[in-house]
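Reading through the structure tokens given below for one structure.
Every number here is computed from the coordinates shown, using simple stated rules; none is lab data. What you see is a predicted model, and the numbers here were worked out from it, not measured in a lab. All Cβ positions, glycine included, derive from the backbone under ideal geometry; neighbour counts span all protein chains shown.
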Amino acid sequence: MKHIFKTLRKYTWQIVLVIFLLFLQASCNLELPNYTSKIVDVGIQQSGIEDNVLEVVRESEYNKLMMFLDNDEKNVVNDNYTKINKNDSKYIDDYSVLANESVYVLKDGIDKDTKDKLNTILNYPIIMSQLLESNNDSLNSLFGDNSNITDLDLNSLTPEDLQMIISMSKEKISELEPSILEQYAINYVKNEYIAVGIDLESHQINYIIKTGLIMLGFSLVAMVLTISSTYLSTRIATNFSRDLRSKVTNKVMSFSAKEFEDFSTASLITRTTNDVQQVQMLTVMCLRMVIYAPIMGIGAFVKVSGSSMAWVIGLAIAMIFSLVVVMFTLALPKFNLVQKLLDKINLVAREILTGTPVIRAFGNEKYEEKRFDKANMDLTKTNLFVNRIMSLMMPTMIFIMNGVSILIIWVGSSKVDMGTMQVGSLIAFITYTIEIIMAFLMISIISIMIPRSFVSLKRIGEVLNKEVSIKNKEKTIKFPKNETGTIEFKDVYFRYPDAEEDVLQNISFKATKGTTTAFIGSTGSGKSTLVNLIPRLYDVTGGKILIDGVNIKDADLKELRHKIGFVPQKGILFSGTIKSNIGFGKNRITEEELEKSAKISQSLEFINEKEDKFESIISQGGTNVSGGQRQRLSIARAIAVNPEIYIFDDSFSALDYKTDAKLRKELNKNTKDSTILIVAQRISTVMKADQIIVLDNGKIVGIGKHEELMKNCDVYKEIALSQLSKEELANG
């Protein structure tokens, strides 16, 4: 996993920026329910009047309010209001009452703290003035049937009466709900504005438009932030998956045969494609939902935590959490199985596609169809199980969300009826509750998908963390420049991983520049294994291999393999053109080099017969050319790099005798300064070699030239006589 997080670390600042944008986006979205509440409560119900700080008040009312204030409070109020005398033509259009009476106007530029202070100071006198000027029922509800209070005239109150009313009323008012007191104050302000001559309808419309524009502004900012964070998240995830695919591919390219035994080809393809895709989805979900959902959920919970209905949220969270735990427990074990079954179906499909000729030749189509159907059905059943769980989650979540909304409306409506909650506040509470539930809904959906992504992360990590058995040492030794191509085996032993016996035992020989060394022996004698040790496709388990006096384990792998032109048993071609395949080992190849390589490998004739010559298309695996043509193009590819050492691993088996003879003749003519190693089954291919090594059960049982081995090596003689007559051998 450390390799994966190390790859992600390069995007740290971009991730931090995404998180910052998500916080801003959540902040904007969380403000919208507040403004919705204001439009309903203030804009519609209160005609746009936000609080009890009067913007304008008649002089007579101003004096009445001052009766209920102490000296310090009077000073604060007087400092923030300006008196406008009656008949002041400048304001007569705004306040029609000026025709009869002076008014006090709130000064411009008052800060929020001062306004909050005025709101607190004016709250009590406004409520008292409203109560005393209303019908006696209001006073009776506050003080009870007390004729000494309800029959008083506010304008004729003595200081003693006023103090009695203040002391009694403050105690009673403190027992009332704040929302009830607020409505008393707002009604007073409404009546005062009407008396002053303010058009409340215009005031209301202006407030709604102003609040609506603020909401629109928050929405636009949230939209820009959403687009930006989504773009960045997608970009990070896409680039991260690109880097991850490259890392996995590069790691696989460094695998030796030993590591390939631990991972099937189908599994490596799945890990490089499907598993990386799962990780890409996980990255996007984490950046878009896993981070954003908790921010929204916690933010919404903070907004409603002070409400008397917060217990409803707690109930909803408990129900959703229980559902997530149940779903998670059921689905988690299946995700690991899904990826394994995906490996299996890829393996079966790959075997069927690559083995189609054999399947058809043996008439085994029905069996392979059944084998694929079984793998397909196993994957389908597992996916159906997981998808059914996920399909159950959404309607269950929606049911919980709707049920909670009904519960909130039922509880909230009673509070609205009692006057302890306003309609807008109830709407805001429902909105915040839905935000919380939606946050849990997103998290719960992701919690079902995340386990599969974590399985993919683990599978990718297994590839990246795999210790490569064949790799460069910390300090490598360079090959000397004065020697080129000398190969020496010294007491070499080799055993395949987990095998019980050595495949090669006590192999010692030397192949020098300008010579051809051939290996022959029965099937399974270790010929191909021996030559595979030279480019370190495997590492020796005993002894050492020297090239130009340097132990190949101490040399740089790239430098070592650059010295070798390797032609494997199976001619492997890549999708592209003939030119791209021959020039595969060189960055740039000239037309002259192309033709020379094709001519030596006996490929030029069939290439020239093609319409596009060297630009002719080669399909994947070289399936549109014959086996012999594949081998010749593979040989041409090795010749094109002009290496110091040529290794031909039974690379002439698909050639006819005539082509084989021509090819070897051209090779001897054009590669006389190179060391050539040939693995072959045919005696005719190795007869002219400078040195023939005969292998039997992993041991050298003969070494020398053809004539010597015919006299001294029974194994060689037996192979030779099984292929050619004595006369042919004598004339060879």
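Between region 674-728 and region 53-80, the alpha-carbon centres lie 121 Å apart. Charge dipole (Cα centre; +1 on Lys/Arg Cβ, -1 on Asp/Glu Cβ; no other charges) of the chain amounts to roughly 5840 debye. Distances between placed amide hydrogens fall under 5 Å for SER616 paired with ILE578, LYS579, all partners being 5 or more residues away or on another chain. The amide H of ILE703, built 1.01 Å from its N in the peptide plane, has VAL694 as neighbours under 5 Å, considering only residues 5 or more places off or on other chains.
Residues in region 663-678 carry Karplus couplings, in order, of 5, 5, 5, 5, 4, 4, 6, 9, 10, 5, 9, 10, 8, 10, 10, 10 Hz; the curve used is 6.51 cos²θ - 1.76 cosθ + 1.60 with θ = phi - 60°, and Gly or Pro positions show x. By its C-alpha gyration tensor, with a ≥ b ≥ c as the square roots of the eigenvalues, how is region 481-610 shaped: rounded for a/c under 1.5, else prolate for a/b larger than b/c, else oblate? The shape class here is prolate.
Close amide-amide hydrogen proximity is noted between LEU677 and THR517, TYR646, ILE647, PHE648, each under 5 Å apart and 5 or more residues distant or on a separate chain (H modeled in the peptide plane; Pro and chain starts excluded). Placing dummy labels 7 Å off each Cα toward the beta-carbon, the span from THR114 to PHE509 is 10.4 nm. Phi angles across region 53-64 convert, under the Karplus curve 6.51 cos²θ - 1.76 cosθ + 1.60 with θ = phi - 60°, into 3J(HN,Hα) values of 7, 5, 6, 8, 8, 5, 4, 5, 6, 4, 5, 5 Hz, Gly and Pro given as x. As a quick test, which of the pairs LYS563/LYS669; LYS481/LYS717; LYS10/LYS334; LYS473/LYS513 have an alpha carbon distance above 31 angstrom in this structure? Beyond 31 Å between Cα atoms: LYS481/LYS717; LYS10/LYS334.
The alpha carbon centroids of region 331-371 and region 247-290 are separated by 20 Å.
Scalar couplings 3J(HN,Hα) for region 81-89, obtained by applying the Karplus form with A = 6.51, B = -1.76, C = 1.60 to θ = phi - 60°, are 10, 10, 8, 10, 6, 5, 6, 6, 5 Hz; x denotes Gly and Pro.
Placing pseudo-labels 7 Å out from each Cα toward the beta carbon at LYS558 and ILE409 gives an inter-label distance of 7.0 nm.
Percent of C-alpha pairs per 5 Å bin in region 609-725, short distances first: 2, 9, 18, 20, 17, 15, 9, 4, 4, 1, 0.
Gyration tensor over the Cα atoms of the chain: the corresponding equivalent ellipsoid has semi-axes (square roots of 5 times the eigenvalues, largest first) of 95, 26, 22 Å. In the chain, helical runs assigned H by DSSP with n ≥ 4 each contribute -39500 (n - 2.57); averaged across all residues and rounded to the nearest 500, the mean residue ellipticity at 222 nm is -20000 deg cm²/dmol. Shown for SER601, SER522: other C-beta atoms within 10 Å of each C-beta, ranked fewest to most, produce the order SER522, SER601. Legend: residue pairs LYS527/LYS658; LYS2/LYS458; LYS74/LYS107, Cα-Cα distance threshold 19 Å; pairs beyond threshold, LYS527/LYS658.
For the chain, the residue among PHE362, THR272, PRO643 whose Cα projects farthest onto the positive side of the dipole built from Cβ charges is PRO643. The order of the peptides 547-560, 508-521, 252-265, 269-282 by mean Cβ neighbours within 10 Å, most packed first, is 269-282, 508-521, 547-560, 252-265. Taking the centroid of alpha carbons for each part, region 388-437 and region 513-575 are 74 Å apart. The peptide list 717-724, 427-434, put in order of mean Cβ contacts within 10 Å with the highest first, becomes 427-434, 717-724. Principal axis extents of the Cα atoms in region 369-437, from largest to smallest and rounded to whole angstrom, are 73, 16, 10.
With contacts taken as Cα pairs under 8 Å at a separation of at least 6 residues, the chain carries a relative contact order of 13 percent. When DSSP beta bridges are restricted to pairs lying wholly in region 628-732, around 50% turn out antiparallel. Counting only residues at least eight positions apart within a chain, or on another chain, the lysines with an alpha carbon under 16 Å from that of LYS579 are LYS596, LYS599, LYS610, LYS613.
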